[in-house]
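What follows is a set of notes on a single structure, which appears directly below.
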Amino acid sequence: MSGGRFFSIPAVQAALVQLVALPTSYFLLSALEMVRVPVTFAVFALVQAAVALVFTWKLGLAPWWRVIQFVFPLAVLLALALALPPLFYLLVFLLLLGVYWSTYRTQVPLYNSGVAVWRAVERELPSRPGLNLIDIGSGLGGMALHLARARADALVTGIELAPLPWLLSRLRARLTGSTARFVRGDYETLDFSAYDLVFAYLSPAAMPGLWAKARREMRPGSLLISYEFEIANCPPDKTIVTTEHGPALHVWRF
């Protein structure tokens, strides 16, 4: 990976923000001490959190990074105060790694849609038998399991990069006797021309690449459906509101 690509990774930028925020916070707090304002570890952590949040906002990282950056110094202070054993941090790290895996690179966190969304997608499916359907970034498998129940004639696949959600999806399919299959991998390696429907619940950062891939590969008559996230400068053919005050489904027909 080139240096430019490495420093463009949001997680790397977030770490650098915290590093830059540390001396910035120190100088701000030094100014407070000069005017006889007492500085404690708690005050330092709060100032560090605020500075990191501002830097993250100015850098243009996704909104959830602002929350993470603000919470991080406070969480470190709390962890030090609790004096938890090192094994605890290792277990938490492994759990988060299993759930989020390469989110630092893909900028696609774990999102879950609901029954109303699954049913709305089901209603958009063509009536012809033998459809090939895929949920990219399938998470815990709810969409794929629902479509496999609703359309027993269809081949339904979920693809997920993070190992723990993928394992849970496979377990759910086995326990329920579902015909849905779940594979672990990156949807960018797939050929979208094999599918009648590609469903995505990703993130704004992933949408330009998804659209470019769909335009190259999806065949006439197929559907691309995205929950919540739109594609810039490309209005959907149909927008479906599934729940009151909730995000919409966006449908593109090729």
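The values are calculated or read from the model by the stated rules, or taken from the named source; none is laboratory data. Small disclaimer: the values here were computed from a predicted structure and weren't measured. All Cβ positions, even for glycine, are placed from backbone atoms using ideal geometry, and neighbour counts span all protein chains on display.
Details
- Scanning the range 147-169 for residues that are part of a strand (DSSP E or B), surrounded by 20 or more Cβ atoms within 10 Å (Cβ to Cβ) and of a type outside the set (V, I, T) gives G158, E160.
- Exactly one residue out of S193, S203, S226 is in contact with a His (Cβ under 7 Å, 6 or more places away or on another chain) and of a type in the set (S, T, Y), and it is S226.
- Exactly one residue among L90, L94 is modelled with pLDDT under 85, part of a helix (DSSP H, G or I) and either within 27 Å of S30 (Cα to Cα) or under 21 Å from the mean Cα position of the chain (by Cα) (or both), and that residue is L94.
- Counting only strands (runs of 3 or more DSSP E) that sit wholly inside the range 176-254, those with at least 1 residues that are under 22 Å from R151 (Cβ atoms) and small (G, A, S) are 197-200, 223-227.
- Subset tally (residues that are surrounded by fewer than 18 Cβ atoms within 10 Å (Cβ to Cβ) and under 16 Å from the mean Cα position of the chain (by Cα)) for the range 201-227: 4
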